[in-house]
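In what follows, a single structure is set out as structure tokens and then discussed.
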Amino acid sequence: MSERMLVPLDGSKVGEAALHVLENHIAKLSPELEVEVTLLGVITSLTHWVVVGEASAPISYTEEELRMIRQRVEDYLDRVGEPLRSQGVTVNIIVSTGNAADEIIKAASEINADLIAMSTHGRSGLKRLAFGSVTDKVLRGANVPVLMVRAPEGTDNV
């Protein structure tokens, strides 16, 4: 029997909170259970802003810049997946581009995930309205259980 889990990460300590909870959960599972964790990084912006004087304009990243961004995300996911690998877990990495919530739901379907484990920034009120909630969109749109982990107080967002 196997268990497939998807963990979307955004590169922040807040985002990694779910990863730590998942590591503890996996340690308690039966040794006969094969666990496969897919770490997902989503590149959400394909442009950056160039400011000259009082004017600014969005400029698309070049293919080389996108390749470098993708490589940095892959390296990050590989690094944070190491503690899981040391527990004997198979760790896969996916880097995609697009809307974060849509890409998470799509990846869960593609890997036939049994669970999505993700952190929430815990925003509420106007901040939530302004920024939206990727976690909320995934919770409402996913066809598998979603484990939401709220990051501990004082966790740095960067």
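The values are calculated or read from the model by the stated rules, or taken from the named source; none is laboratory data. Given the structure is predicted, the values throughout are model-derived calculations rather than measurements. Neighbour counts run over all protein chains shown; Cβ positions are idealised from the backbone, glycine included.
Does GLU64 satisfy the criteria of being more than 23 Å from ALA108 (Cβ to Cβ), acidic (Asp, Glu) and part of a helix (DSSP H, G or I)? Even if it seems obvious, please write down each step before you answer.
On the way: more than 23 Å from ALA108 (Cβ to Cβ): yes; acidic (Asp, Glu): yes; part of a helix (DSSP H, G or I): yes.
For GLU64, the condition - more than 23 Å from ALA108 (Cβ to Cβ), acidic (Asp, Glu) and part of a helix (DSSP H, G or I) - is met.
Out of THR38, THR97, which single residue is at pLDDT 90 or above and surrounded by fewer than 17 Cβ atoms within 10 Å (Cβ to Cβ)?
Every option except THR97 fails the conditions.
Would you mind telling me which numbered condition in (1) at pLDDT below 80; (2) surrounded by 15 or more Cβ atoms within 10 Å (Cβ to Cβ) THR135 fails?
(1)
Residues of segment 25-43 being closer than 11 Å to ASN92 by Cα and among the acidic types (Asp, Glu), which ones?
Listed by number, the list holds a single entry, GLU36.
Among (1) within 19 Å of VAL146 (Cβ to Cβ); (2) in contact with an Asp or Glu (Cβ under 6 Å, 6 or more places away or on another chain), where does VAL95 come up short?
(1)
Restrict the check to segment 81-94 and report whether at least one residue is surrounded by 14 or more Cβ atoms within 10 Å (Cβ to Cβ), farther than 24 Å from THR135 by Cα and of a type in the set (A, V, I, L, M).
Yes, because at least one residue in segment 81-94 is surrounded by 14 or more Cβ atoms within 10 Å (Cβ to Cβ), farther than 24 Å from THR135 by Cα and of a type in the set (A, V, I, L, M).
Checking ALA57 against (1) at pLDDT below 90; (2) touching a helix residue (DSSP H, G or I) at 6+ places or on another chain (Cβ under 9 Å), only one condition comes out false. Which one?
Condition not satisfied by ALA57: (2).
Starting from segment 137-149, take each residue that is within 19 Å of HIS20 (Cβ to Cβ) and list its partners that are of a type outside the set (Lys, Arg) and in a loop (DSSP other than H, G, I, E, B), counting only C-beta distances under 9 angstrom and pairs at least six apart or across chains.
So the pair list comes out as PRO145/ASP114.
Report the residue count in segment 79-108 for those that are assigned to a helix (DSSP H, G or I) and in contact with a strand residue (DSSP E or B) (Cβ under 6 Å, 6 or more places away or on another chain).
7
Just wondering, is there one or more residues in segment 5-15 that are among the hydrophobic types (A, V, I, L, M, F, W, C) and over 22 Å from ASN112 (Cβ atoms)?
yes
Search segment 66-85 for residues that are within 24 Å of ARG4 (Cα to Cα) and modelled with pLDDT of 95 or more and pair each with any residue that is assigned to a helix (DSSP H, G or I) and hydrophobic (A, V, I, L, M, F, W, C) when their beta-carbon atoms are under 7 Å apart and the residues are at least 6 apart or on different chains.
These pairs meet every condition: VAL80/LEU19.
State all residues of segment 11-58 that are of a type in the set (S, T, N, Q), over 26 Å from SER133 (Cα atoms) and part of a loop (DSSP other than H, G, I, E, B); if no residue qualifies, say none.
SER30
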